[in-house]
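Please treat every number below as a calculation from the coordinates, not as lab data. Just so we're clear, the structure is a prediction, and the values are computed from it rather than from any experiment. Glycine gets a Cβ as well: all are built from the backbone with ideal geometry, and neighbour counts include every protein chain shown.
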Amino acid sequence: MYPFLILILIFLLSTVEGSTGALIGLLVPIVVFFVLDRLKNRKLLQLNWIVFAAVILLAVVVSYTAVVRTKRSGSDDLSSLVYGRTFDALENSIRITETYEPGEHLGLNIIVYPAVNFVPRSLWPEKPIGLGRRIMFDIYGAPSYTSVSFAPGLLGEFYADFGYFGILVFGSLFGLILKRIDYGILRSLNAGRVGSCFLLLSLALLSSNIPNSPQGYLLRLIITGIFQIIFTLILARIIGCFKLTNKKHGLGSKSKKEKTMLLKER
Amino acid sequence: MSKILRIDIVLILAFEGFLTSFALLSSASMSEILPLVIFSSICTAATIRYYMRRRVGVTYFFLWLMIVYLIGFVRLKYWDYFSPDVLSANLLWLTAFVLSFVFFYEMIPCHSVNPRLERIMDSLNEIYGSFRFLLGVFLVYILFYAFEIVESGSAVHFVGMSYAERHDPSSSYLFFIKTLLKSSLLISAYTNFIERRSKLVPIFNLDSYLSSFDR
C-alpha cells in the first residue's frame with residue numbers, strides 16, 4: 001500500500017507546485033505499461049481499475065492544465081490554447097532559419113549545452129545557454145533577466161547547429177536511439193523486469209515531448225538517460241540496497257524468476 | 001483480439017484525421033496542401049505500423065509530432081505571420097526529417113544484446129524494485145521539498161510562488177537534480193506497486209472478474 005500512497009503524494013505535490021507537464025508525465029507511463037502488458041498477453045479487454053482510474057485522472061489533469069495555461073497567458077478564452085504560444089515550435093523554427101546562418105552554432109545547442117547543463121551557473125557564469133532561451137534575446141528581444149524559454153523545435157535546433165544537412169543526419173540518429181529504447185522496453189517486458197521497463201518507458205515518453213520542449217535538444221534524451229542511471233546507482237549505494245550481489249554470486253536471479261512468474265500469472 | 005485492435009486503430013485514425021482536416025481547413029493554397037497531406041500521411045502510417053508492433057517511443061513520437069506541428073500550422077495561418085511558400089518549405093523539411101528517421105529506424109538492425117547493458121538493466125531493475133530504495137528516495141525527496149519551503153520563506157509562500165520564481169535560472173542545477181530524484185522515485189513507486197499489487201491490493205485487480213469478456 002505504501003507505493004500507492006507515495007504515488008498519491010507525488011501527484012498532490014505536483015498539483016500544488018503547478019507542474020502541469022509533470023502531472024501528465026506521471027500518469028501516462030502506467031497507462032502505457034498496462035496497455036503494453038495487455039497487448040502482449042492478448043487480453044486488452046480485461047479492464048484494470050488502475051488504468052481506468054489513470055484515464056479518468058488524465059482527463060481531469062488535462063482539463064486542469066488547459067485552464068491553468070489559459071489563465072497564465074492572460075486570456076479567458078480556451079481557443080488561446082491553439083492560437084497562443086502552446087504550439088509555437090513551428091513558428092520558432094521558421095524564425096530561427098530566418099535569423100541565423102545554417103550551422104552557425106556548430107553543435108553548441110545539441111552537444112555542448114546538454115553535456116554541461118548540470119554545472120551550477122554560480123560556478124561558471126559564462127556557461128552556454130540553450131537555444132530556447134537564446135531566441136528569447138536574439139529574436140524576441142526579451143530582457144536579460146527573463147527566465148522564460150520558447151521551444152526552438154526540431155528543425156530550428158538542427159538547422160542552427162548543423163544546417164539543413166543536420167536535419168537529415170539527426171533524423172537518422174534519433175531513429176536509431178529510439179529504436180534501441182523501444183527494443184529495450186520489449187526485452188524488459190518479456191523478461192519481467194518491471195523497473196528497467198519503467199525507466200525505458202519514461203525515456204521513450206520524454207522523447208515524445210522533444211518536438212515542443214523549450215529544452216528540446218536531442219541529446220537531452222541520452223544525457224538524461226545516462227544521468228538517471230548514474231544517479232540511481234549512486235543513490236542506491238548510499239542507501240545501501242545495492243551491493244552488486246546479482247553479478248558476483250548470481251543472487252537476484254531467484255527474485256527475477258519469481259517476478260517473471262508473477263507477471264505470467266497476471 | 002482483431003476487433004480490439006481495429007477499435008484502437010480507428011481511434012488513432014480518427015484523431016490524426018481530425019488534426020489533418022483541422023490543418024487542411026486552415027490552408028488556402030495548393031502549395032501548402034500537398035506538403036500537409038504528405039507529412040500527415042507518413043506520420044499516420046508510421047503511428048499505426050509502430051503501434052501494431054508495440055514500439056512505444058516511436059508511436060508517441062509520431063503522435064506528438066503531428067499534434068505539435070499541425071496545430072502549430074493552424075496557429076500560424078490564424079496569425080498570418082508567414083507566406084505559404086515559407087510554410088510549405090518548412091513542412092517539406094519536416095517530411096524529410098521524418099523520412100530520414102523512419103528509414104534508419106527500419107533499416108538498422110537492433111537484435112544484438114549487449115551483455116553489459118543487460119547487466120546494468122538487471123541491477124537497475126533490482127534497485128527500483130527494492131522497498132528500501134523506495135523509502136530512501138522518498139525521504140530525500142521530502143527533504144528536498146522541506147529545503148525549498150525553508151528557502152522560500154513559508155509554506156504559504158511556497159504554494160503561491162509563480163512559475164518564474166520556481167524556475168530561477170541561477171539554480172537550474174537544483175531543478176535538474178530534483179527532476180532526476182522525482183523520476184527515480186516515480187519509477188521505484190510504480191515498480192513496487194506493480195510487483196506487490198496482486199498480493200497487497202487485490203481490490204484493484206479485477207482481471208478474474210472481467211476475463212469472461214475476453215472469451
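Below is a table of values for the structure above.
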| item | result |
| --- | --- |
| Ascending count of other beta-carbon atoms within 10 Å, so fewest first, for B:Asp80, B:Asp122 | B:Asp80, B:Asp122 |
| Likely footprinting exposure, A:Lys71, B:Lys178, B:Lys77, fewest C-beta neighbours within 10 Å first | A:Lys71, B:Lys178, B:Lys77 |
| Average beta-carbon neighbours from other chains, 10 Å sphere, peptide B:174-187 | 6 |
| Prolate/oblate/rounded call for the stretch A:86-164, Cα gyration tensor, a/c under 1.5 rounded | oblate |
| Added length on full extension, which subtracts the Cα-Cα distance from 0.36 nm per residue, B:Asp85 to B:Ile108 | 4.8 nm |
| Residue exposure sequence - B:Leu34, B:Leu124 - by fewest surrounding Cβ within 10 Å | B:Leu34, B:Leu124 |
| C-alpha center-to-center spacing [the stretch A:75-125, the stretch A:165-180] in angstrom | 19 |
| Summed residue charge, Cβ within 12 Å of A:Leu219's Cβ, Lys/Arg positive, Asp/Glu negative | -1 |
| Unsatisfied cross-links (Cα-Cα over 30 Å) in the set B:Lys77/B:Lys182; A:Lys127/A:Lys179; A:Lys71/B:Lys178 | B:Lys77/B:Lys182; A:Lys127/A:Lys179 |
